[in-house]
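The values are calculated or read from the model by the stated rules, or taken from the named source; none is laboratory data. The structure displayed is predicted, hence computed values, not measured ones. Counting neighbours? That spans all protein chains shown, and the Cβs are built from the backbone with ideal geometry, glycine included.
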Amino acid sequence: MNTHTLIDGKAAAARVLVQVRKDVDRLREQAIQPALAVILVGGDPASQVYVRNKILRAEEVGIRSVEHRLTTDTSTEQLLNLIASLNADRSIHGILLQLPLPAHIDELRALQAIDPDKDVDGFHSENVGGLSQGRAVLAPCTPSGCLYLLEQTCGDLRGKHAVVIGRSNIVGKPMAALLLQADCSVTVLHSRSPNPQALCRQADIVIAAVGRPRLIDASWLKPGAVVIDVGINRIDDDGRSRLVGDVDFDSALTQVAAITPVPGGVGPMTIAFLMKNTVTAALNQHQAQRSQSEAVCHSIY
Ligand code: GUN
């Protein structure tokens, strides 16, 4: 019988959050209260659940959260005004603009308007570029969480062949950049890749982030592969609504060494890394303010 490990994202996220809580306590001792502003435009039901969970988790670890709910008919200009006021507010360290936005809003302009130092999603081109250059920047939360799970499961990732399925800006592309930084050989597959199964079967590590329910089954996997399933797809299963990943879990179990379940795999990691990024942002901003005021002191003497 094939033995495999279930990668427990809930337990891993809890470990990350324990450390975040300690970091928050240390910042509070220095009179710094880390704070996250969350912007939700419109009434997308899934986004409402995600935002609620992010705010709950922030409260649990001692991060102050400020929620801005805007109606669907909000204009790009109105959204940009809100972002500008949050950028200028020194008591706010992180700004999260929940995606997707209503179609009439210029998403790129809105994301680029967020101060890169407060960009806890790592979506600003300054942070995207920094990540691909291997600089220490705020990196997107879901791929950061996936990398953490892989390091916990595989140990040293150097030289492993990682296949990323999907090329979104939120997961696929930053995931590939993080894996490269970890010295993996990286292949990115997408809807135009010919014979993706054959390429995927060469992978030691598979990251599935395509948004297609149960697309990847045992025929895509080499024996002993480690699989991270980022997909969260709601399907109708004989009249019952349920969540499944991009991986056909039961089929994959016959091949894999380790796999994340859906739910309870990657999902909790995204929020844990959002909290971690918020604390990092608070720390960075405080240090920058301190060195600025030190520079002023030097200049007046
Ligand atoms: N929508 C789906 N995933 C994400 C995410 O990681 N960040 C934001 N801001 N929106 C999302």
Quiz prompt | Near pairs, Cβ below 7 angstrom, 6+ apart or cross-chain, from region 253-276 (assigned to a loop (DSSP other than H, G, I, E, B)) to any residue that is of a type in the set (Gly, Ala, Ser) and within 16 Å of the ligand (Cβ to nearest atom) | solution = 260/9; 262/231; 262/245; 264/9; 265/9; 266/9; 266/145
Exercise. For region 187-200, indicate whether the set of residues that are part of a loop (DSSP other than H, G, I, E, B) and of a type in the set (A, V, I, L, M) is non-empty.
Key: no
Self-check item: Subset tally (residues that are surrounded by 12 or more Cβ atoms within 10 Å (Cβ to Cβ), out of contact with any helix residue (DSSP H, G or I) (no Cβ under 8 Å at 6 or more places or on another chain) and not in a helix (DSSP H, G or I)) for region 27-49
Solution: 2
Practice problem: Starting from residues that are over 20 Å from the mean Cα position of the chain (by Cα) and among the acidic types (Asp, Glu), keep the ones in region 85-126 and report whichever is farthest from the ligand (Cβ to nearest atom). | Solution: 89
Self-check item: Among the residues listed as 277, 195, the single one being within 26 Å of residue 174 (Cβ to Cβ), modelled with pLDDT of 95 or more and buried (at least 17 other Cβ atoms within 10 Å of the Cβ)
Solution: 277
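Residues checked against (1) farther than 28 Å from residue 99 by Cβ; (2) crowded, with 17+ Cβ neighbours inside 10 Å; (3) hydrophobic (A, V, I, L, M, F, W, C):
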| residue | (1), (2), (3) |
| --- | --- |
| 167 | no, yes, no |
| 227 | no, yes, yes |
| 239 | yes, no, no |
| 261 | no, yes, no |
Self-check item: Total residues in region 57-73, condition free of Cβ contacts under 8 Å to residues at least 40 places away in the same chain and touching a strand residue (DSSP E or B) at 6+ places or on another chain (Cβ under 9 Å)
Solution: 10
